[in-house]
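In what follows, a structure is listed as C-alpha cells, so that the remarks can point back to it.
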Amino acid sequence: MPAHRLEARGLTLAYEARTVVEGLDLVVPDGRVTVIVGPNACGKSTLLRALGRLLRPVRGAVLLDGAELARTPTRRIAQRIGLLPQSPTAPEGISVADLVSRGRQPHQSWWRQWSAEDEAAVAEALERTSTAELAERSVDELSGGQRQRAWIAMALAQGTDILLLDEPTTFLDIAHQVEVLDLVRRLNVERGRTVVAVLHDLNQAARYADHLVAMRDGRIVAQGAPGEVVTAELVREVFGLESVVVPDPVTGTPLVVPGAPWAVKADA
C-alpha cells in the first residue's frame, strides 16, 4: 500500500437527522492533486471534513494507511494531514510569522519545545509561499490572496504529506485565484504533497486536477482524469447546465462553455 494513502469506505455522513453523504467509496491517489466538484449542498465540504476527521461518520470509515481515522490519536493525524477550512479566521492582530508558527503545534510537547527543526520548517513554508516578506505584518492587513498564502504556509509548516483545502479560492479575484492554485500545484510537484481540494469552478478544477471527483446529492457521479470525466453529459447531469466542452486553448484541458445566455426574442 502506498504511504499515506487516504480512502473512504462505505462512508455515510450526517448532520443530526439530515444525511448528506451515504455509502460513498473514494480512494485518494497518492502524490496527486484531487479536486472535488459539484453543485451547492452536494456534500463536497462535508466529505472533506470527514477526510480530515472533523466530522465523524455515521457508518463506514475513513482510512489512513489502512488504519481507521476515528481511532487514530488527534496529534498523530495532525502530523499527517493538514486541513485548511473554508474562510478560516485568525486571532486579531496576529502576525503572519506567528500564524505560520502555529502549524508546528502538533510537533510540540512538554518535553519538546520550539526547535531548530521548527524554525527551519516555518522559514521554508514562508519561502515557498512567497510570504517571507510579509512575516511581520498582521494577517488582518493582508489582501485576500496574501491571506490565503499565509494560511497555506501554516498548513505547509505543519509538515504533513496530505493537504486538504476547502474552497481555497473563495472570495478571491481571478488573479489571486490563479496565484493560490499555482502555489498548490507547485507544492504538489516540488514537494510531492498529496492534495485534496474542493473547488466551485469546474474549469479551474479541470486545469489543476490530476484526479477529478464529481458529486451530486451526496454521491460520486464520476471520477478520473479531467480529460476523461468532463463532458457535456456530465455537466448536464451534475450541474443541470447545457454546455459545450472544448479544449482549453492554453492547457488543452476540458473547457466548459455554457449554452447561449437568455436574450429577448425578436418580434416575429
### Query
Within the bounds of segment 128-150, is there any residue that is crowded, with 17+ Cβ neighbours inside 10 Å, at pLDDT 85 or above and among the acidic types (Asp, Glu)?
no
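Per-residue answers, yes or no, for (1) farther than 23 Å from LEU24 by Cβ; (2) in a strand (DSSP E or B); (3) over 21 Å from the mean Cα position of the chain (by Cα):
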| position | (1), (2), (3) |
| --- | --- |
| ARG185 | yes, no, no |
| VAL189 | yes, no, no |
| ARG207 | yes, no, no |
| GLU237 | no, no, yes |
| VAL244 | yes, yes, yes |
| LYS265 | yes, no, yes |
### Query
Can you name the number of the only condition in (1) small (Gly, Ala, Ser); (2) over 29 Å from ARG18 (Cβ atoms); (3) crowded, with 17+ Cβ neighbours inside 10 Å that ALA260 fails?
(3)
### Query
Counting just the residues of segment 191-205 that are in contact with a strand residue (DSSP E or B) (Cβ under 9 Å, 6 or more places away or on another chain) and part of a loop (DSSP other than H, G, I, E, B), which one comes out nearest to ASP166 (Cα to Cα)?
LEU199
### Query
Is it the case that some residue within segment 28-35 is within 21 Å of GLY82 (Cβ to Cβ), surrounded by 22 or more Cβ atoms within 10 Å (Cβ to Cβ) and touching a Gly at 6+ places or on another chain (Cβ under 9 Å)?
no
### Message
Go through segment 130-156 and report how many residues are assigned to a helix (DSSP H, G or I), within 20 Å of VAL33 (Cβ to Cβ) and out of contact with any His (no Cβ under 8 Å at 6 or more places or on another chain).
### Response
7
### Query
For ARG71, are the conditions met, namely being surrounded by fewer than 19 Cβ atoms within 10 Å (Cβ to Cβ), under 20 Å from THR160 (Cα atoms) and without any contact (Cβ under 8 Å) to a residue 12 or more places away in the chain?
yes
### Task
Go through segment 209-235 and give me each residue that's part of a loop (DSSP other than H, G, I, E, B) and either under 15 Å from ILE36 (Cα atoms) or in contact with a Ser or Thr (Cβ under 9 Å, 6 or more places away or on another chain) (or both).
ALA209, ASP210, ASP217, GLY218, ALA225, VAL230
### Message
Looking at segment 221-236, I want the residues that are touching a residue at least 12 places away in the same chain (Cβ under 8 Å) and have a partner that is polar (S, T, N, Q) and buried (at least 16 other Cβ atoms within 10 Å of the Cβ) with Cβ atoms under 6 Å, at least 6 apart or on another chain. Which pairs are those?
### Response
PRO226/THR253; ALA232/SER243; VAL235/SER243
### Message
Just to confirm my filter: which strands (runs of 3 or more DSSP E) fall fully inside segment 1-68 and include at least 2 residues that are within 20 Å of VAL184 (Cβ to Cβ) and in contact with a strand residue (DSSP E or B) (Cβ under 9 Å, 6 or more places away or on another chain)?
### Response
18-28, 33-37
### Task
Quickly run through segment 1-26 and pick out the residues that are out of contact with any Ser or Thr (no Cβ under 8 Å at 6 or more places or on another chain), of a type in the set (A, V, I, L, M) and surrounded by 15 or more Cβ atoms within 10 Å (Cβ to Cβ).
ALA8, LEU11, ALA14, LEU26
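The values are calculated or read from the model by the stated rules, or taken from the named source; none is laboratory data. These figures come from a predicted structure and were not determined experimentally. Here Cβ is always computed from backbone atoms with ideal geometry, including for glycine, and neighbour counts include all displayed protein chains.
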